[in-house]
Amino acid sequence: MTDTPGWASPGSAPSPEGREPGASGPAEPADRPGLAKPASQPGTGAQTPGAKWSNEQPPPGQWSAPTGAQGPDQTPPPPPPPPAAGWGGGRPGIPGPGGYGGPPPGPGGYGAPGGYGAWGGGWGGGWGGPPPAAKPGVIPLRPLGVGEILDGAVSTMRTHWRTVLGISLAVSLLVETTLVLVQGLLMNDITQASFDSRDASTDDILRALRDSLIGTGLITVISTIAVLISTALLTTITSRAVLGRPVGIGEAWREARPQIPRLFGLLLLIGLIVVGLGVAGTLPGILVLTLGGGDGAGAALLALGILAAIVVGGWLMIRLYLATPALMLERQGIVKSMSRSTKLVRGSWWRVFGIVLLTGLITNIVASLVSIPFALVGAAAGGDAMGNLFGTAGGHVGWTFLIIRGIGSLVGTALTLPISAGVTVLLYIDQRIRREALDLELARAAGVQGNGAGTPGPVPGS
């Protein structure tokens, strides 16, 4: 395809040298053993054109049997027993009756009784099916199934665990430390003010609201920056893992750094679109309620607007789900990467939605299984166990509980963040393989062309 963007990660490996098409091979030796001299025209000495056979040839139909000549009184040897599985059922290199490894076709054609057995049973006979797709890295270079996408994300984390876990641990440590500090220094006072609202003045409530907005905004900004940087680095690492090439944190940072400002712009634009949808969905209901319309009609219109905004926003999020890897790996601009994501997801919205939903469920379950025991230990160690656990400990949460719970959240985030990022990148690669034959370009980049790359193979659970 002329309009298909290239693979901007590692470049293609040079193809091996070979002879040009149509190039002549080496000259045959004049006195090669086993080849007779060409016959000459009588009296002229000129050779007959194209003749390299001996002048004395056996008559047609008189070729001797491969096992040797038989005398008139000798009984011919019995034919070899028929193979059990058609093609490939006989011994390698020895043709059976009517063909390699099988009897001649019967009246029912190929696969019928007396025909070539392997054609009746598919490719599962002696040949074992078409050649498997090349797998230079964590995935085979062909359309992927859901299980292969998840397995590829886990394999990336397992193969490059030092780099991947180093990035995810650094990000998790930054986010959880910020969360613990904001919760311990700001949110405790806000919660205390809300519990003692009967004694709180207007200034106290406004101060608590201000501190709450500051704390939430600080957590959001730091979390966004950390997650974006980690996503950029993990995208680069996963793209290299597909080609079977290791990459360190420094190299990943040098490759991803030029695109990080655009990544921030992409996130900001998508956020503005989502906010715009929310305003457009809720504004009619709010106007009806404000202008004194019927309370029932205004509330129903507001509920319908919120529901419509959620549905349209969710649909749009899936359409733009592949914009991040398109921006990082194709070196696209913000708007172009959104357009690329829309093109790749078109016709596969439900498949992408299902994979995203399944990944979210798995990562949340894993994070919960890791963090809940830490939260229970922290609640027990903090004194008011149930109050700390459910946030009802008189408006104040102890530092012991916050720190222990934060450790659990750190471990859970460090384990699940690489899986989420890896699934996003592999889903992008899978969609490009299905639509644009990216597997051929990846095979050239990995230097494995001609080794089964591009063969479809089975696609389990696609």
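Brief remarks on what is shown
- Criterion applied to Ala232, Ala208, Ala226, Ala241 was being over 30 Å from Thr156 (Cβ atoms) and part of a helix (DSSP H, G or I), and the one residue passing it is Ala208.
- Test result for Ile237, β-branched (Val, Ile, Thr) and surrounded by fewer than 22 Cβ atoms within 10 Å (Cβ to Cβ): no
- Filter result for the condition that a residue is over 22 Å from the mean Cα position of the chain (by Cα), modelled with pLDDT of 85 or more and assigned by TED's automatic domain parsing to the domain that holds Gly184, over Val423, Val370, Val366, Val397: Val370
- Region 244-257: number of residues that are basic (Lys, Arg) and in a helix (DSSP H, G or I): 2
- Residue within region 259-276 that is assigned by TED's automatic domain parsing to the domain that holds Leu427, under 14 Å from Tyr428 (Cα atoms), among the hydrophobic types (A, V, I, L, M, F, W, C) and touching a residue at least 24 places away in the same chain (Cβ under 8 Å) present: no
- Enumeration of residues in region 142-183 that are within 23 Å of Arg444 (Cα to Cα) and in a helix (DSSP H, G or I): Glu148, Ile149, Gly152, Ala153, Ser155, Thr156, Thr159
- Flag for Arg351 being among the charged types (D, E, K, R) and more than 28 Å from Glu255 (Cα to Cα): yes
- Within region 233-249, considering residues that are at pLDDT 90 or above and small (Gly, Ala, Ser), the one farthest from Ser168 (Cα to Cα): Gly244
The values are calculated or read from the model by the stated rules, or taken from the named source; none is laboratory data. As the structure is a prediction and not an experimental result, all values here were calculated from the model. Glycine gets a Cβ as well: all are built from the backbone with ideal geometry, and neighbour counts include every protein chain shown.
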